[in-house]
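The values are calculated or read from the model by the stated rules, or taken from the named source; none is laboratory data. Because the structure is a prediction, the values reported are computed rather than measured. All Cβ positions, even for glycine, are placed from backbone atoms using ideal geometry, and neighbour counts span all protein chains on display.
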Amino acid sequence: MTAQQLAGFSATPPSPPSPTAPPRVQLRREEVPEAETWDLTHLFDTPEAWAAELKQIDADLPAVARFKGRLAESPATLLAALRERDALLQRLDRVGTYASLRSAADGASAQNQAMSAQAQALAARADAALTFIESEVVDLPDGFLEEFLTAESQLSPYRRLLESLHAQRAHRLEPETEEVLAALGNALHAPSTIRTRALAADLQIPPAVDERGNEVQLSIARAGSLLQSPDREVRRRAHEAVTAALTRHKATLAETLATMLRRNVTLARLRRFPSAVDMILDSYEVPRPVYENVLHIVHDEGAPHVRRLMRLRARLLGLERLAFSDLFAPLDPGYSPPATFEGAQPLIREALAALGPECQEIVDTAFRDRWIDRADNVGKRNGAFCSGVYGVHPYVFLTWTGRMRGVFTVAHELGHALNDALSARHLPYAQYSSPPGRSPLFWVEAPSTANEMLLGHNVLSTTDDPRVRRFVTLQFLGTFFHNMTTHLLEAHFEHRLYQLAEAGTPITVRTVMDVQGEVFERYYGDTVEIDDGARLYWMQVGHFYRGLYPVTYSAGLACAHNAVEAIRTEGQPAVDRWLAALSAGRALPSLGLMRLAGVDLADPETIRRAVALYGHLVDDLEHSFAAGEAPHA
């Protein structure tokens, strides 16, 4: 489907209910057509080949110990140790990613659960075997690193790794303690594992009925689709079904969340950080004032725009006040263009034309060579992500819904894929990967969000049709709501829980639900009714187990907006800056990557410009509906 084809869509009313239509049954993974799944043979031909490599890596781990206590001997010894480390980590990446992708696609499979556990256990053993490298680099006397880097030019790709490790000396523990913590890695990540397995294997959501009157077997992802139904009763029943299922697990998952918070608070104190938040921000190499600017500017200046949007939504739906289940009700239900997965490729390709042929070639390869898993099957995780594998290619995970919104989701994830593929092509592994304890997460969502914006602007450039333009405005608003409302509120929820944990307040299920309710009520004011289902929202969010991840969406959107506007106004110079940033891997921290792209996130105006666009989009939507017939609930 091209932008011109989308512009040619006419309004189509929702299909009437069909009592005789067969119910939608969710397939088991083995029943899914192969074309809808990713090709994991690019990693390993078979699970047996994976198991053999896992066993071989385990056998090879002791070999690296020959460098223990020797890294200060000479530049050549340090270089040999780092090269062996990189070779081992690349093999571990493949083993770990293969298990992780199988588990994401079918977490109900006992085999996949076992493989995931084996991979995590091996990763913990490898961390313990390699931790001496970090400890010995940290302990090198001042001046040694620069001497080594000067004497051995082949150490140059490792400069960021070595300097980053050396800079962490104030927060490193004794080598023996670091080795013990590394060996406990599997146990320390247990809260996330327990949560993932509980939702994938144990969450039994009661069936719901769609607008056609068909009973639908629900997963979190399928419930999300029903929450976008034009029928309010369908939305309400889906919300209640999810709430009923989550309620049965709330005590357990509140404890897993509390355990994760306590773990980070304890580690921060052991490593002599002022707080867990400071420890996590140090790993992102982001100053606390930048984090707080994103957290508070987006919240405080964005809330008035969102309240206007909620009041508009209520008016268009004929409601005095929105229920939480109405947040994603379609505002133009008579115009919901269908889309095929195959049709998404030319539309995304066209949108990325300004970025040049290499980016378009990567998109073509992703579709042709099955980098993308789009199936809807029992046991599949909700959400979407992209996972890169150096020396192979990125893998994209999503659930295809057959609607145009899904094209924006594919474009988003392919933005991550472009970043990963370009970095892997242009950099050695040492610069492609992050230094231990470092992660450029404030940058990560910028490439993906930029793709969505380029797609939307490309469609807008092809048409003056007010219905199409309204549709694209709604897609933009969906992106802003996702990044600067949904995830921003998750960030405030997480921030508040860390404050309570630092103060020694017990984190109980009631505490978690109360904080969730307070965060929503403060932001939405009187525009949305916050019920018990809303207070259980946190159970659906895996990002809380990644440490401040939700705030990175607003940071990424602010960067993407400023970069895309430069591409649209400056042309090739801005494109060149953007491609340089996409190709820079982990050679720079987040703010450095953004500066390479021409964006300064440390400037509050960078954030304010993105929030201002949020307001302009709400203005456009208000004017659009004022000029035409309003939909009805």
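Residues that are surrounded by fewer than 20 Cβ atoms within 10 Å (Cβ to Cβ), at positive phi and not polar (S, T, N, Q) are absent from segment 117-139.
Within segment 323-343, does at least one residue satisfy the condition of being touching a Ser or Thr at 6+ places or on another chain (Cβ under 7 Å) and of a type in the set (A, V, I, L, M)? Within segment 323-343, none of the residues are touching a Ser or Thr at 6+ places or on another chain (Cβ under 7 Å) and of a type in the set (A, V, I, L, M).
Of the candidates Ala59, Ala51, Ala35, Ala99, the single residue that is over 32 Å from the mean Cα position of the chain (by Cα), part of a helix (DSSP H, G or I), in the same structural domain as Ala129 (by TED's automatic domain parsing) and of a type outside the set (Lys, Arg) is Ala59. Output the residues belonging to segment 350-374 that are more than 19 Å from the chain's Cα centre (by Cα), assigned to a loop (DSSP other than H, G, I, E, B) and closer than 27 Å to Ala221 by Cα. Within segment 350-374, Asp369, Arg370 meet the criteria. If you filter segment 459-473 down to residues that are out of contact with any Phe, Trp or Tyr (no Cβ under 8 Å at 6 or more places or on another chain) and buried (at least 20 other Cβ atoms within 10 Å of the Cβ), you find that the one that is nearest to Val528 (Cα to Cα) is Thr473. Pairing each residue of segment 370-394 that is without any contact (Cβ under 8 Å) to a residue 40 or more places away in the chain with any residue that is part of a loop (DSSP other than H, G, I, E, B) and of a type in the set (Phe, Trp, Tyr), provided the two are 6+ apart or on different chains, yields C-beta distances under 7 Å for Pro394/Trp371. For Arg467, the stated conditions hold: it is in a helix (DSSP H, G or I) and either over 26 Å from Val611 (Cβ atoms) or among the small types (Gly, Ala, Ser) (or both). Quick one: would you say Arg85 is among the basic types (Lys, Arg), assigned by TED's automatic domain parsing to the domain that holds Leu155 and closer than 26 Å to Phe385 by Cα? So Arg85 fails the test.
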